[in-house]
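Participant: What follows is a structure written as structure tokens; I'll ask about it next.
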Amino acid sequence: MQDYRSNRDRTEKTKAALIAAARALFVDKGYAETSTPEIVAAAGITRGALYHHFEDKRALFRAVVRDEALAVTRAIEQAIPEQFTPLEALVAGSNAYLDAMRIVGRTRLLLIEGPTVLGFLEMKQLDEETTTLSLKHGLAAALSHGRGPDTAIEALADILSAAFDRAALAVDAGGDADRYRAAIAHMIERIAG
């Protein structure tokens, strides 16, 4: 039993080292300018170990992006106390999204490099499994008060998600985060209030 656990632990540590090294390089240099020899050198791992755990550089990038998306989702979920109304939860979630996207490099990885490297459909699928799923649940709860079941949750989630992404890009480029928070809160209140 000990050998199995130590092998599993080594596997997880190796993968974590590769993901951390790749993240730093992808943020610093971008996907296209980052080579696998640089990644393995930064991780202190052999090139064979890289290809044992990941099919190619793109698969490693996918793992980096997935970790980032999951971190954003966790931040959103942690920012919403259970006692919040659905509307308060949507606003708190949008604020948490903007905060989570302020982690250095995250906007580049999720909103610039991710769609370029993985493509729109793969990124949309990842969004559907992470942040957009949380948004859809929040919208469904908020809109269930006084609106019929024909409200287009899918379309609203797509539109709001695009607005959140645009706000994150603007804040990353130096925009006033408080102004974007206020604008998003106003938009959510108009839609779901």
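Participant: Show me the GluC sites (Glu not before Pro) within the range 20-59 that DSSP assigns to loop and that have at most 15 other Cβ atoms within 10 Å of their Cβ.
Facilitator: Here the sparse-neighbourhood loop sites are 33, 55.
Participant: With contacts defined as alpha carbon pairs under 8 Å and 6 or more residues apart, what's the relative contact order of the chain in percent?
Facilitator: 22 percent.
Participant: For the peptides 125-131, 101-107, what is the packing order when you average, over each peptide's residues, the other Cβ atoms within 10 Å and list the highest mean first?
Facilitator: Descending mean neighbour count gives 125-131, 101-107.
Participant: Let me ask something additional. Modelling each spin label as a point 7 Å along the Cα-to-Cβ direction, I'd like the residue 104/residue 133 distance in nm, to one decimal.
Facilitator: 3.1
Participant: Could you work out how far the C-alpha centroid of the range 155-185 sits from that of the range 27-85, in angstrom?
Facilitator: 23
Participant: Follow-up. Pick out, from 25, 53, 37, the residue whose Cα sits farthest towards the positive end of the charge dipole of the range 1-54, with +1 on the Cβ of Lys and Arg and -1 on the Cβ of Asp and Glu.
Facilitator: 53
Participant: Still on this model: Using the heavy atoms of the protein chains and a 1.4 angstrom probe, tell me the accessible area per residue for the range 56-192 in square angstrom.
Facilitator: Accessible area per residue, the range 56-192: 52 Å².
Participant: What number results when the radius of gyration of the range 1-58, computed over Cα atoms, is divided by 2.2 N^0.38 Å?
Facilitator: 1.19
Participant: How far apart, in nm, are two points set 7 Å out from the Cα along the Cα-to-Cβ line at residue 58 and at residue 16?
Facilitator: About 2.9 nm separates the two model spin labels.
Participant: Taking all protein chains in place and a 1.4 Å probe, what share, in percent, of the accessible surface of the chain do carbon and sulfur account for?
Facilitator: 54
Participant: Run the quick spin-label model on residue 38 and residue 9: label points 7 Å from Cα toward the beta carbon, then report their separation in nm to one decimal.
Facilitator: Simple spin-label model gives 3.3 nm for this pair.
The values are calculated or read from the model by the stated rules, or taken from the named source; none is laboratory data. Everything numeric here is computed off the predicted structure, so don't read it as measured data. All Cβ positions, glycine included, derive from the backbone under ideal geometry; neighbour counts span all protein chains shown. Only protein heavy atoms, including side chains, enter the accessible area calculation; ligands, DNA and RNA are left aside. Shrake-Rupley method; radii C 1.70, N 1.55, O 1.52, S 1.80 Å.
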